[in-house]
Amino acid sequence: MPQLTVSTVFYLLLATFLWASNAIVGRALVGSVSPVTLSAVRWGLAAFMLLPLGWRIFRPGSALWLNKKRFLWLGLLGVGSYNVLLYLALQTSTAINVTLIGASMPIWMLFIGAVCYQAKPSLLQLIGAIVSLLGVAVVLSRGEPASLLSMELVMGDLFIMLATILWAFYSWMIGRPGTSSERQWPWAEFLMAQVMIGFLWTLLFDGVEIASGHAFIDLNYWTGSLILFVAIGPSLIAYRCWGLGVNGAGPTVAAFFANFIPLFTALLSAAILGDPPQLFHGLAFGLILVGILVSSTGRSKH
């Protein structure tokens, strides 16, 4: 049975912290790199760096070929489409809208688990989802809930909503191994298969961006450093940690940790702008933490 251990919490928090930094970097690169090209370059670099550790997955008869349909879906949902949609969303949507919509992850995770995996959510999990979302709302409203009523939806909001739903499917897939021996696969080979197939999906999407004349990249020391960072931190390290966290806590409980992303984003933005954390950041942290603890005590019914 999944358990919320110290190591599992560390993996999930590190993954969400790195993804928060990814949102900031993605926003900083708007105007310097087109969104789909950014995703393609990011995952191309990640695949190249992971190749020395995971190349064996491409040998004939490996788990990749025995489970090619599963990996096609994992690569599409977790690497290809999610990241393209995220960077597309950052082109037109505000940070507050993107993070708020992304914070609906626990709700989608509970819904998909109930409909597709016969994992009926418990009352405590539903309560935990609501409490955790309240914590996110505190961050995004900066302690002034009335400000949430003034938000306006744009196309980017729809992109991040679709991305969130696809990520929920991805998390359930890695939390429910396709074969009994999957947990024994070398982690680098399992991640290599996802990254490479996701990269191929992204190249397909990038071909559309290039053909439409919207692809561009202004490569210099600054943009190159940021792209290298997202290829290592939010890609290789974060995905490895998320996989460990989901296997340890289960996909439903792990989803609640995604609500730390807007909190970490706010704190990172505050650090960059020289604005120290406020009291509402502490309140938000407490609400999100309570939501996680409550949800982890109420397991889904199968």
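The values are calculated or read from the model by the stated rules, or taken from the named source; none is laboratory data. Keep in mind that this is a model prediction, so the values were computed, not measured. Positions of Cβ are generated from backbone atoms using ideal geometry, with glycine treated the same way; all protein chains shown enter the neighbour counts.
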| field | Selection status of W43, on the phi < 0 side of the Ramachandran plot, surrounded by 24 or more Cβ atoms within 10 Å (Cβ to Cβ) and touching a residue at least 24 places away in the same chain (Cβ under 8 Å) | value | yes
| field | In region 276-302, residue modelled with the highest pLDDT [restricted to those that are in a loop (DSSP other than H, G, I, E, B) and either touching a strand residue (DSSP E or B) at 6+ places or on another chain (Cβ under 9 Å) or among the β-branched types (V, I, T) (or both)] | value | S300
| Lone unmet requirement of (1) among the small types (G, A, S); (2) at pLDDT below 90; (3) more than 14 Å from the chain's Cα centre (by Cα) for A168 | (3)
| request: Taking only region 26-40 into account, find how many residues are assigned to a helix (DSSP H, G or I), surrounded by fewer than 21 Cβ atoms within 10 Å (Cβ to Cβ) and aliphatic (A, V, I, L, M). | output: 1
| message | Scan region 185-204 and tell me whether some residue there is in a loop (DSSP other than H, G, I, E, B) and either at pLDDT below 85 or farther than 30 Å from L126 by Cα (or both). | response | yes
| Taking helices (runs of 4 or more DSSP H) that fall entirely within region 207-275, which contain at least 2 residues that are under 23 Å from the mean Cα position of the chain (by Cα) and modelled with pLDDT of 85 or more? | 221-231, 238-249
| region 137-148, subset in a helix (DSSP H, G or I) and at pLDDT below 70, residue surrounded by the most Cβ atoms within 10 Å (Cβ to Cβ) | V139
| Residue satisfying all of: in region 58-75; over 28 Å from L86 (Cα atoms) and of a type outside the set (F, W, Y); surrounded by the most Cβ atoms within 10 Å (Cβ to Cβ) among these | A63
